[in-house]
Amino acid sequence: MSSRTESVPYGYEPPKDGDKGTLIYYDTFETTTDEQLERAIEINSDRSFAKLVLYPIHEETMRRMSKKPTSPYYKREKRLLEWKREYDRGEVEFDGWEGKRKKYTPMEAALRHLTETLPGPHFLFLTPDMANSFASFSSFEEWIVKVRLILTSVTEAALHPRLERYRHRWDWGDGE
């Protein structure tokens, strides 16, 4: 404990930390457009997150989560890195942990890696389909209290009952 005193002018207030937390865009990025990526950057700056992290899912992980075909990881990674080089103004990071593993990574392991390495609080930016998949996992109730969700767009599709039950832990990314 320091006994050093500091003098400050009358009425001085310490600056507030403006940027807090991390927005994690967890997706395959198979059909993600540049506009959707730019929307993620807008949400990141509107909500004053410290950083936006793009986390592409390996094709083996997606094959187990859904039966939708997914292109190889390296192709999606290359496209994201080109987009980042062209449009990024320094607020976007790329997490290639799943690409280094080169195999199926359970969502729980990915979330554990992300929450341990990135500053909190943590927000997951998910498509409604990915959010429904996440809600179907048995570990969803354990993770929903640790992270908050932002869904990319309003959808007419039915949401998983667990998502409905934890409605107070997520909201729509397009402001609704």
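A compact table of results
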{"item": "Cα pair distances in the range 10-160, grouped into 10 Å bins until the bin that holds the longest one, percent each", "result": "10, 40, 37, 9, 3, 1, 0"}
{"item": "Approximate spin-label separation TRP97-GLU82, in nm, with each point projected 7 Å along Cα-to-Cβ", "result": "2.8 nm"}
{"item": "Crossing angle, helix 34-46 versus the chain [Cα axis fit, 0-90 degrees, rounded to tens]", "result": "30 degrees"}
{"item": "Candidate lysines - alpha carbon under 25 Å from LYS78, same-chain residues fewer than 8 apart omitted", "result": "LYS51, LYS67, LYS68, LYS100, LYS102, LYS103"}
{"item": "Degrees between helix 73-87 axis and first principal axis of the chain (Cα, 0 to 90, nearest 10)", "result": "40 degrees"}
{"item": "Neighbour cut-off at most 13 other Cβ (10 Å), DSSP loop, trypsin sites (Lys or Arg not before Pro), the range 33-96", "result": "LYS67, ARG89"}
{"item": "Kirkwood estimate for the range 126-176, i.e. one over the average of 1/r between Cα atoms, Å", "result": "10.9 Å"}
{"item": "Angle in degrees between helix 107-117 and the longest Cα principal axis of the chain, rounded to the nearest 10", "result": "20 degrees"}
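Coordinate-derived values only; no laboratory data. This one's a predicted model, so the numbers in the text were calculated from it and none came from an experiment. So basically every Cβ, Gly included, is an ideal-geometry build from the backbone, and we count neighbours across all protein chains shown.
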